[in-house]
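Below: one structure, written as structure tokens.
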Amino acid sequence: MARIGYQRVSTQEQNLARQDLGQVEKLFSDKASGATTERPALKELLSYVRKGDEVVCFSIDRLARSLGDLQGIISAITDKGASVAFLSERLTFSCDKDDAFSTLQLQMMGAFAQFERTLILNRQAEGIAKAKEADKGKPLAERKFKGRKPSIKADEVARLREQGLGATAIAEALGISRASVYRF
């Protein structure tokens, strides 16, 4: 029986330090959005957890940002005979305890986390729209909104093309789509 920790922040720049979990035997940490369950440390945690283990998470929104994902992750852990404890909310879920009040609290807190995520995305979209409006006619160097940084390096595509590789081979080598190769 092990006490296993899980921490998550949304970006590489953010710090995990405020999520104090106390003494844990194994710690899994992600620097990725909670909007998806496609997180390396979360997947590792779910395959690592065993019967009798306790998974400790600082708060519900650190585990998931949608109610469906939250319920799915908790079920995956409790189905293995382990429990999940959320320190901030002081809630614990286990396979051998069917507490209707805790389930209600989980669903309410999960719904609030999902609601908060929606508000964040709406505010972000509004801010981008305003920045784009203010940027009209300005040179790129003076713009507030520059978009995300390119994930594909044109010089890499060109180098592989000069080596005689076709679009499919370049796409596979760089882990991108053929359509992206053709754009360059």
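Every number in this text was worked out from the coordinates using simple rules, so none of it is lab data. Since we're looking at a predicted model, the values are computed, not measured. Every residue, glycine as well, gets a Cβ built from its backbone with ideal geometry; the counts of neighbours run over all protein chains shown.
Data overview
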| quantity | calculated |
| --- | --- |
| Binned Cα-Cα distances of the range 3-112, short to long, each 5 Å bin given as a whole percent | 2, 13, 25, 28, 21, 9, 2, 0 |
| The range 111-125-the range 30-101 distance, computed between alpha-carbon centres (Å) | 21 |
| DSSP bridge orientation in the range 1-101 - percent antiparallel, rounded to nearest 5 | 25 |
| Loop trypsin sites (Lys or Arg not before Pro), the range 60-100 (other Cβ atoms within 10 Å of the site Cβ: 10 or fewer; DSSP) | R90 |
| Trypsin sites (Lys or Arg not before Pro) within the range 146-183, DSSP loop, no more than 12 other Cβ atoms inside 10 Å | K146, R148, K153 |
| Net charge over other residues, Cβ less than 15 angstrom from the Cβ of K136 (K, R count +1; D, E count -1) | +3 |
| Qualifying lysines (Cα of each under 18 Å from Cα of K146; at least 8 residues distant if same chain) | K130, K132, K136, K138 |
| Excluding exposed DSSP-loop GluC sites (Glu not before Pro) (at most 11 other C-beta within 10 Å), longest clean stretch of the chain | 39-184 |
| DSSP beta bridges in the chain [antiparallel fraction, %, rounded to 5] | 25 |
| Most fluctuating residue given options S83, S151, S47, as computed from a GNM of the chain linking Cα atoms under 10 Å | S151 |
| Rg over Rh, two decimals, the chain (C-alpha only, Kirkwood Rh) | 1.11 |
